[in-house]
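Undergrad: What follows is a structure written as structure tokens; I'll ask about it next.
The values are calculated or read from the model by the stated rules, or taken from the named source; none is laboratory data. Bear in mind the structure is a predicted one, so any value in this text is a computation, not a measurement. We place every Cβ from the backbone using ideal geometry, glycine too, and count neighbours over all the protein chains shown. Protein only, heavy atoms only, side chains kept; ligands, DNA and RNA dropped before computing areas. Shrake-Rupley method; radii C 1.70, N 1.55, O 1.52, S 1.80 Å.
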Amino acid sequence: MLQCTAVTPLPAGEALVALLGMRGGPDDAVDLLAEMGFVLCESGEHTEETEHAARLWTAETQPPRGLWFLWTGSGGGLRVHHRFTTLTLCPARLHDVKEDYRQWCGLYEGHPGPHSFHVRDPLKELLHERTRREARGRACGDDPSGDGEDHGEDHGGP
């Protein structure tokens with residue numbers, strides 16, 4: 001399943017209050033929020049009635065609890081309602097015995113839809129492919145952008 005593509009501005013003042021009031025919250029809440037002007041929904045694709053969810057922080061508690069920003073939107077992409085809440089992280093994990101690989105679900109316990117390890121982020125995949133293509137191009141001395149265009153680089157010509 002693909003990841004939801006909903007994005008919304010994060011209300012920084014409310015987020016700061018929620019982070020400072022959280023047990024196990026960050027020591028550098030202001031710096032953390034400086035990097036979060038907008039948040040992306042981390043859930044798989046879902047209906048408009050389901051709240052979008054973005055994790056802002058995970059406390060080192062047992063069980064681990066995260067501060068989540070949950071919101072609903074209108075059909076036009078405007079945020080209608082939002083809230084901050086502390087939720088226990090989902091305990092589900094994927095274990096590949098052959099590869100000895102474990103991956104925990106990155107969502108909250110009781111979340112709607114599939115676990116995060118079954119959700120694909122198409123933007124992340126696109127950026128990784130572009131990075132791989134550029135690295136191969138540089139290693140082979142080819143056009144690093146892979147688009148065949150002259151990007152104004154000086155190639156030592158007259």
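Undergrad: Dipole size in debye (nearest 20) for the stretch 1-135 around its Cα centre, Lys and Arg Cβ +1, Asp and Glu Cβ -1?
TA: That gives a dipole near 120 debye.
Undergrad: A follow-up question, please. Apply the Debye scattering formula to the chain, with a single equal point scatterer on each alpha-carbon and no solvent, then give log10 I(q)/I(0) at q = 0.08, 0.10, 0.11, 0.15 Å⁻¹.
TA: Summing over Cα pairs of the chain leads to -0.35, -0.52, -0.60, -0.91.
Undergrad: Taking a label point 7 Å from the Cα of HIS81 along the Cα→Cβ vector, which residues of the stretch 45-66 have an amide N closer than 11 Å to it?
TA: Answer for the stretch 45-66: 49-51.
Undergrad: What does the accessible area per residue of the chain come to in Å², with a 1.4 Å probe and no ligands, DNA or RNA counted? Can you show the working numbers first?
TA: Details: 10510 Å² over 158 residues.
On a per-residue basis, the chain sits at 67 Å².
Undergrad: Largest first, please: the extent of the C-alpha atoms of the stretch 105-145 along each principal axis, to the nearest Å.
TA: Result for the stretch 105-145: principal-axis Cα extents of 50, 12, 11 Å.
Undergrad: Considering only ALA15, PRO91, LEU78, whose Cα is most displaced toward the positive end of the charge dipole of the chain, charges sitting on Cβ of Lys, Arg (+1) and Asp, Glu (-1)?
TA: PRO91
Undergrad: Taking the 0 to 90 degree range and rounding to the nearest ten, how far is the long axis of helix 122-140 tilted relative to the main principal axis of the chain, both from C-alpha atoms?
TA: For 122-140 against the chain, the angle is about 30 degrees.
Undergrad: So if I restrict to the alpha-carbon atoms in the stretch 1-66, what is the Rg, and what is Dmax, the biggest pairwise distance, in Å?
TA: In Å, with Rg to one decimal and Dmax whole: 13.2, 36.
Undergrad: Would you mind calculating the relative contact order of the chain from Cα pairs under 8 angstrom and at least 6 residues apart, reporting the percent as a whole number?
TA: Working: 243 pairs, mean separation 28.2, N = 158.
Normalised by residue count, the contact order of the chain is 18 percent.
Undergrad: Running Debye on the stretch 28-121 with equal point scatterers at the Cα sites and no solvent, what base-10 log of I(q)/I(0) appears at q = 0.12, 0.19, 0.22 Å⁻¹?
TA: Log10 of I(q)/I(0), two decimals: -0.44, -1.00, -1.22.
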